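The values are calculated or read from the model by the stated rules, or taken from the named source; none is laboratory data. Since the structure is predicted, the reported quantities are computational estimates derived from the model, not experimental observations. For neighbour counting, all protein chains shown are included, and Cβ atoms are generated from backbone atoms with ideal geometry for every residue, glycine included.
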Amino acid sequence: MTKEDIYAQLKSIIKIYLPEDVSVDDIGPESHLINELNINSSHLIDVVLDLEDAFDIEIKDDELEAMDTVSSALEIIQKKINN
Amino acid sequence: MPDISEEKKREYFTELELRNFNSNGILYGVIAGLDALHDAGIDKTAMADEPDWGLGVVFGTGTSGVEKFREAIYKLDDGEVRRLGSTTVGQTMMSGVSAYLGGKMGAGNQVTTNSSACASGTEAVLMGYEQIATGKAIQMLCGSCGDDGPYVWGGFDAMKVTTFKHNETPTQSSRPMSATASGFVPGSGAGAVLLESLDNAIARGVTIYAEVLGGNINSGGQRQGGSMTAPNSIAVQKCIIEALQNSGVNPEEIDYVNGHLTATVKDPVEIENWCAALDRQGADFPYINSLKAMIGHGLAASGSMEIVSALLQLHHNFVFPNINCEDVHPEIARLIDPQKIPRHELNVPLKTIAKASFGFGDVNACVIFRKI
């Protein structure tokens, strides 16, 4: 799976959790999930569950803490898939 | 059970809210609550930044979402705590319904859930009324909801208080006040009304279905014949009498009674209590009916669903028929004139009406409404 493929899938998952006033076009690699995309912090848990299902990986609690931007999420997924 | 299509759900909930959503009590409650708000001419679709400090919610329930709770228990027992996601708490906590509504409405006053079994809906209206009457709120959305399915109803079946004699003829199974009543038929759903200070309602120029004159909430303390499941008749009478006193209404002014009347062996006892509390019997008794013949016993939802039916009758001057009561129970016929238990829809002017609900735990609530 290429980085572009992962990014596209990641974006489609994040899209579900965007509040009404944030558009999918606002998602960029450096977007901060909570501060910029305004995703409700409790929904980050649901984003992680969706990522686990989509990529067949497991994201640990301490990794979740480090997952604050789109690119950090991408990095974690890439690392997990390559292992 | 209400039949709610996926399209209908999307009129009230966002796609995100509907992800892993499995709580019928909240589903029904939100639909009824937002419909009541809409009917009262209050539009909360434009999200203001600040909450409406004068607007609150009292929404009763027995349980929010048993199916969701069951789903969570299975996951937990499988060691999958983290797979519960972020919405399990909101969907299973008792106050889930008022929390969902409060958020959708931007309510900034008291937002709470009350629970007093089958008295919950009527109690909610009286709690909201108090909040306005004491000047603490301007508008209160009051109602109640009830979840459905075997996990909610099984316990009642085990107690043999639900009927099993009409499985082949389901439309005839719920028979309040009938000689052949053999237990209640469980139902579900939600009802809601928007209460508002009279000044505010007049200033807004909206339809006023009725004025809440007052009411009473009490308990029989599971004494004097009362128990977890049976009412203390003295407490029931006291509740009705004090509701009238609190409202400044004489018993003879009551034109119509919306009964609790579940179609169990306790129906004649309820009629006896109404007769004693109002000191009226025979042909002098007001008109009385029970919505449960048509929609079953909504348990925690029953009081509010029946209040909606009572207010519509008051507003449109009619008494709906007691279907399935072609054979009035002889003990009831001895107490009141069967003409007061209409079997066909009656068009009669109504001015002052009483609604009471009684619940497990020996709890009672009675509210008096008047047309203005």
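Need the failing condition index for residue B:47 against (1) modelled with pLDDT under 95; (2) farther than 20 Å from residue B:12 by Cα; (3) aliphatic (A, V, I, L, M), just the number.
Answer for residue B:47: the failing condition is (2).
Restricting the range A:1-34 to residues that are touching a residue at least 12 places away in the same chain (Cβ under 8 Å) and out of contact with any helix residue (DSSP H, G or I) (no Cβ under 9 Å at 6 or more places or on another chain), which is surrounded by the fewest Cβ atoms within 10 Å (Cβ to Cβ)?
A:21
Tally the residues that are of a type in the set (A, V, I, L, M) and surrounded by 15 or more Cβ atoms within 10 Å (Cβ to Cβ), restricting the search to the range B:153-172.
Residues flagged as of a type in the set (A, V, I, L, M) and surrounded by 15 or more Cβ atoms within 10 Å (Cβ to Cβ) within the range B:153-172 amount to 1.
Mind checking whether some residue in the range B:104-126 is without any contact (Cβ under 8 Å) to a residue 24 or more places away in the chain, in the same structural domain as residue B:12 (by TED's automatic domain parsing) and not aliphatic (A, V, I, L, M)?
Within the range B:104-126 (the criterion being without any contact (Cβ under 8 Å) to a residue 24 or more places away in the chain, in the same structural domain as residue B:12 (by TED's automatic domain parsing) and not aliphatic (A, V, I, L, M)), the answer is no, since none of the residues qualifies.
Which of the helices (runs of 4 or more DSSP H) contained wholly in the range B:1-84 include at least 3 residues that are more than 14 Å from every other protein chain (Cβ to nearest Cβ), touching a Gly at 6+ places or on another chain (Cβ under 6 Å) and surrounded by 17 or more Cβ atoms within 10 Å (Cβ to Cβ)?
On the way: elements: B:6-12, B:15-18, B:24-39, B:66-77.
In the range B:1-84, B:24-39 are the helices (runs of 4 or more DSSP H) which contain 3 or more residues that are more than 14 Å from every other protein chain (Cβ to nearest Cβ), touching a Gly at 6+ places or on another chain (Cβ under 6 Å) and surrounded by 17 or more Cβ atoms within 10 Å (Cβ to Cβ).
Filter the range B:132-162 for residues that are in contact with a Phe, Trp or Tyr (Cβ under 7 Å, 6 or more places away or on another chain) and in a loop (DSSP other than H, G, I, E, B) and give the result.
Across the range B:132-162, the qualifying residue is only B:161.
Somewhere in the range B:160-178, is a residue under 26 Å from residue B:94 (Cα atoms), outside the structural domain of residue B:220 (by TED's automatic domain parsing) and touching a helix residue (DSSP H, G or I) at 6+ places or on another chain (Cβ under 8 Å)?
Yes, the range B:160-178 contains a residue that is under 26 Å from residue B:94 (Cα atoms), outside the structural domain of residue B:220 (by TED's automatic domain parsing) and touching a helix residue (DSSP H, G or I) at 6+ places or on another chain (Cβ under 8 Å).
Residues of the range A:20-32 being within 14 Å of chain B (Cβ to nearest Cβ) and not β-branched (Val, Ile, Thr), which ones?
A:20, A:21
For the range B:109-126: of the residues being among the aliphatic types (A, V, I, L, M) and crowded, with 24+ Cβ neighbours inside 10 Å, which is farthest from the chain's Cα centre (by Cα)?
Looking at residues that are among the aliphatic types (A, V, I, L, M) and crowded, with 24+ Cβ neighbours inside 10 Å, I get B:126.
Filter the range B:289-315 down to the residues that are touching a Lys or Arg at 6+ places or on another chain (Cβ under 6 Å) and touching a residue at least 60 places away in the same chain (Cβ under 8 Å), then identify the one that is farthest from residue B:32 (Cα to Cα).
Among those that are touching a Lys or Arg at 6+ places or on another chain (Cβ under 6 Å) and touching a residue at least 60 places away in the same chain (Cβ under 8 Å), it is B:314.
Take the range B:132-152 and flag every residue that is surrounded by 21 or more Cβ atoms within 10 Å (Cβ to Cβ), over 15 Å from residue B:355 (Cβ atoms) and not β-branched (Val, Ile, Thr).
B:137, B:139, B:140, B:141, B:145, B:146, B:147, B:148
Residue pairs, Cβ under 8 Å, 6 or more apart or interchain, first in the range A:38-63 and closer than 15 Å to residue A:77 by Cα and more than 9 Å from every other protein chain (Cβ to nearest Cβ), second in a helix (DSSP H, G or I) and not aliphatic (A, V, I, L, M). List them.
A:54/A:9; A:55/A:9; A:55/A:80; A:57/A:80; A:58/A:52; A:58/A:80; A:59/A:52; A:59/A:80
Inspect the range A:43-64 for any residue being within 20 Å of residue B:103 (Cβ to Cβ) and in a loop (DSSP other than H, G, I, E, B) and give the result as yes or no. Walk me through it before giving the result.
Our first condition is that a residue be within 20 Å of residue B:103 (Cβ to Cβ); within the range A:43-64, this holds for A:43-46.
This time we only want the ones that are in a loop (DSSP other than H, G, I, E, B), so: none.
No, the range A:43-64 has no match at all.
Kindly list the number of the only condition in (1) out of contact with any helix residue (DSSP H, G or I) (no Cβ under 8 Å at 6 or more places or on another chain); (2) closer than 19 Å to residue B:98 by Cα that fails for residue B:12.
(1)
When residues of the range B:97-106 are filtered for being buried (at least 24 other Cβ atoms within 10 Å of the Cβ) and more than 14 Å from residue B:193 (Cα to Cα), how many remain?
2
Going through B:185, B:193 one at a time, which residue ends up being modelled with pLDDT of 95 or more and in contact with a His (Cβ under 9 Å, 6 or more places away or on another chain)?
Selected residue: B:185, the only one of B:185, B:193 that is modelled with pLDDT of 95 or more and in contact with a His (Cβ under 9 Å, 6 or more places away or on another chain).
Here's a check for you: in the range B:85-103, which residue that is in a loop (DSSP other than H, G, I, E, B) and in contact (Cβ under 8 Å) with a residue 12 or more places away in the chain is nearest to residue B:153 (Cα to Cα)? Steps first, answer last, please.
Taking the range B:85-103 and keeping what is in a loop (DSSP other than H, G, I, E, B), we get B:85-87, B:93-95.
When the remaining residues are screened for being in contact (Cβ under 8 Å) with a residue 12 or more places away in the chain, the result is B:85, B:87, B:93-95.
On the way: B:85: 27, B:87: 25, B:93: 19, B:94: 17, B:95: 20 Å.
By that ranking, first place goes to B:94.
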